[in-house]
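Take a look at the structure below.
The values are calculated or read from the model by the stated rules, or taken from the named source; none is laboratory data. Source: prediction; values computed, not measured. All Cβ positions, glycine included, derive from the backbone under ideal geometry; neighbour counts span all protein chains shown.
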Amino acid sequence: MRLLYFAWVKEKTGIAAEDVALPDGVATVGELIAWLKTRGPEFAQAFDREEVIRAAIDQTHARHDAEIGGAREIAFFPPVTGG
Amino acid sequence: MIRVQTQDFDVGTEIAALRAARTDIGAIVTFTGAVRDQDNTITEMTLEHYPGMTETELERIEQEAHARWPLQATLIVHRVGTLQAGDNIVLVVTASAHRDAAFDAAKFLMDYLKTSAPFWKRESGPGGDRWVEAKADDEAAATLWAPRKDAAE
């Protein structure tokens, strides 16, 4: 599965994109965040305020309780500030 | 129509293109957003986005506006990359037979764009760089638009 990071989430993780194999037991966006936080201090820092992190599953906004299912791409980013 | 681009836009040119070869448009409303430097703290702004999702979201928002109002044409242009203070950021154009639909749809498009299109602004100035934080006011403005009664969700 492709993971993408944008804006300050990307700055904190230090990477824009990566391919990962989901571990067993990770079924929702929230569970994916919990797992990502265990992958090192950069990820723990990036997802420290996880309640403000927004996610998209296959380029559609998704809540933290959304099921990942067979998603190809999941993105994490701060609240948007365009316009 | 929607466009995401690095280059600037010209409001007059965009309106002329939208009106070309048609006489049924009675009202045109435009909104232009620009990089604002109120107190000499911002010299540059860099706009990052999520290629692919950005276009999808802008098209979704545009379709939603067309479902809510009798619009004859709409255009959303959003710039990305590094901009200077005073530069254009975003253009919304709405055209309809009568003014109310064009005014309302233009505000709706901006309110929804600001809370759902995946763009992020980073400001640079003499004091350094910082990511612009999302405003609660923007979220409140978007939620004032009640869901359509016939909406699927």
Can you tell me which residue in the range B:1-23 is farthest from A:Ala7 (Cα to Cα), limited to those that are assigned to a loop (DSSP other than H, G, I, E, B), modelled with pLDDT of 95 or more and not β-branched (Val, Ile, Thr)? B:Asp10
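If I filter the range A:31-44 for residues that are of a type in the set (Ser, Thr, Tyr) and either in contact with a helix residue (DSSP H, G or I) (Cβ under 7 Å, 6 or more places away or on another chain) or surrounded by 13 or more Cβ atoms within 10 Å (Cβ to Cβ) (or both), do I get at least one hit?
The answer is no, given that none of the residues of the range A:31-44 is of a type in the set (Ser, Thr, Tyr) and either in contact with a helix residue (DSSP H, G or I) (Cβ under 7 Å, 6 or more places away or on another chain) or surrounded by 13 or more Cβ atoms within 10 Å (Cβ to Cβ) (or both).
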Among helices (runs of 4 or more DSSP H) lying entirely in the range A:1-54, which contain 1 or more residues that are farther than 24 Å from B:Lys135 by Cβ, of a type in the set (Phe, Trp, Tyr) and without any contact (Cβ under 8 Å) to a residue 60 or more places away in the chain? A:29-36, A:41-46
Only unsatisfied item for A:Ala71, checking (1) in contact (Cβ under 8 Å) with a residue 24 or more places away in the chain; (2) within 14 Å of chain B (Cβ to nearest Cβ); (3) buried (at least 17 other Cβ atoms within 10 Å of the Cβ); (4) under 27 Å from B:Gly81 (Cα atoms), is (4)
If you go through the range A:24-55, how many residues are more than 14 Å from chain B (Cβ to nearest Cβ) and farther than 18 Å from A:Ala71 by Cα? 12
Which residues, counting only those in the range B:26-50, are loosely packed, with under 13 Cβ neighbours inside 10 Å and polar (S, T, N, Q)? B:Gln38, B:Asn40
Looking at B:Asp37, B:Asp104, which one is more than 14 Å from chain A (Cβ to nearest Cβ), outside any helix (DSSP H, G or I) and of a type outside the set (Ser, Thr, Tyr)? B:Asp37
Any hit, the range A:8-23, residues being charged (D, E, K, R), on the phi > 0 side of the Ramachandran plot and within 11 Å of another protein chain (Cβ to nearest Cβ): no
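Suppose the filter is in contact (Cβ under 8 Å) with a residue 60 or more places away in the chain, surrounded by 10 or more Cβ atoms within 10 Å (Cβ to Cβ) and within 13 Å of another protein chain (Cβ to nearest Cβ); does B:Arg122 pass it?
Against the criterion (in contact (Cβ under 8 Å) with a residue 60 or more places away in the chain, surrounded by 10 or more Cβ atoms within 10 Å (Cβ to Cβ) and within 13 Å of another protein chain (Cβ to nearest Cβ)), B:Arg122 qualifies.
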In the range B:74-100, anything surrounded by fewer than 19 Cβ atoms within 10 Å (Cβ to Cβ) and in a strand (DSSP E or B) is listed as B:Gly81, B:Thr82, B:Gln84, B:Asn88
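Quick test for you: out of B:Asp129, B:Asp138, pick the one residue that is within 14 Å of chain A (Cβ to nearest Cβ), out of contact with any strand residue (DSSP E or B) (no Cβ under 9 Å at 6 or more places or on another chain) and closer than 28 Å to A:Ala16 by Cα.
After ruling out the rest, the residue left standing is B:Asp138.
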